[in-house]
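In what follows, a single structure is set out as structure tokens and then discussed.
The values are calculated or read from the model by the stated rules, or taken from the named source; none is laboratory data. Predicted, not measured: the structure shown is a model, and the values here were computed from it. Backbone-built Cβ (ideal geometry, glycine too); neighbour counts: all protein chains shown. With ligands, DNA and RNA removed, areas are computed over all heavy atoms of the protein, side chains included. Shrake-Rupley method; radii C 1.70, N 1.55, O 1.52, S 1.80 Å.
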Amino acid sequence: MKKNERGFTLIEIMVVMVIIGILAGYAVLSLGNRSQDARFETEARRIEKLIGVAAEEAETQGIEIGLRFDGRGYEFLSLSPQGPWTPMEPKGPLRERKLPEPFFIELTIEGRAVKTAASEGDELKPQILLLSSGEATAFMLDLRVPNQKSFYRLEGDALGKLKLEYKEKTL
């Protein structure tokens, strides 16, 4: 070997490998919650779009549609001519939906928190009404993940307009 020829020493190669390992670890950690974040956004947008579809269905079909949340998910109800609320078609877009783990919903109507956990024997009564006239129950629905500051808030006004926002929880 000539004196002018130089290569990398084993220590230099090991230092570079450690740096690459650390950077790869950060990349994996930052991408770790991406799938949950994507599911979180998808679920929030799904709820928004389904409520919009239900409101349109109520107007075009001339029926009253209700939305009921429980601890596991939500379902759309229609008011039958005989009076009681009944679940919508089990195979249509307005079928009963389960929330994927670990998501949960907090519902507020007229400034008051509404209980969303169902108990045995609960009568099918909607918490939100979507009327055939285009009017609706004003509500605020927060889609949350335990121990996470950020959440999605869906607000509906009395005229049936919906607004979805991504929010950071402030302490």
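Among the strands (runs of 3 or more DSSP E) confined to segment 52-93, the ones with at least 3 residues that are in contact (Cβ under 8 Å) with a residue 60 or more places away in the chain are located at 65-69. Reported count of residues in segment 131-167, each being without any contact (Cβ under 8 Å) to a residue 40 or more places away in the chain and open to solvent by less than 20 Å² (accessible area, probe 1.4 Å), is 4. Regarding L124, is this residue surrounded by fewer than 16 Cβ atoms within 10 Å (Cβ to Cβ) and touching a residue at least 40 places away in the same chain (Cβ under 8 Å)? Yes: the conditions hold for L124. Restricting the first member to segment 16-38 and to residues that are at pLDDT 65 or above, and the second to residues that are β-branched (V, I, T), the beta-carbon pairs closer than 9 Å and six or more apart or on different chains are Q36/V145. Mind checking whether some residue in segment 98-112 is among the polar types (S, T, N, Q) and either modelled with pLDDT under 90 or over 24 Å from R153 (Cβ atoms) (or both)? Checked segment 98-112: no residue is among the polar types (S, T, N, Q) and either modelled with pLDDT under 90 or over 24 Å from R153 (Cβ atoms) (or both). Scanning segment 50-72 for residues that are at pLDDT 90 or above, within 13 Å of the chain's Cα centre (by Cα) and closer than 18 Å to A158 by Cα turns up at least one hit. Across segment 133-163, the qualifying residues are those that are among the polar types (S, T, N, Q) and under 18 Å from R45 (Cβ atoms), and the one among them that is modelled with the highest pLDDT is S150. Scanning segment 94-110 for residues being assigned to a loop (DSSP other than H, G, I, E, B) and open to solvent by 40 Å² or more (accessible area, probe 1.4 Å) gives a total of 6.
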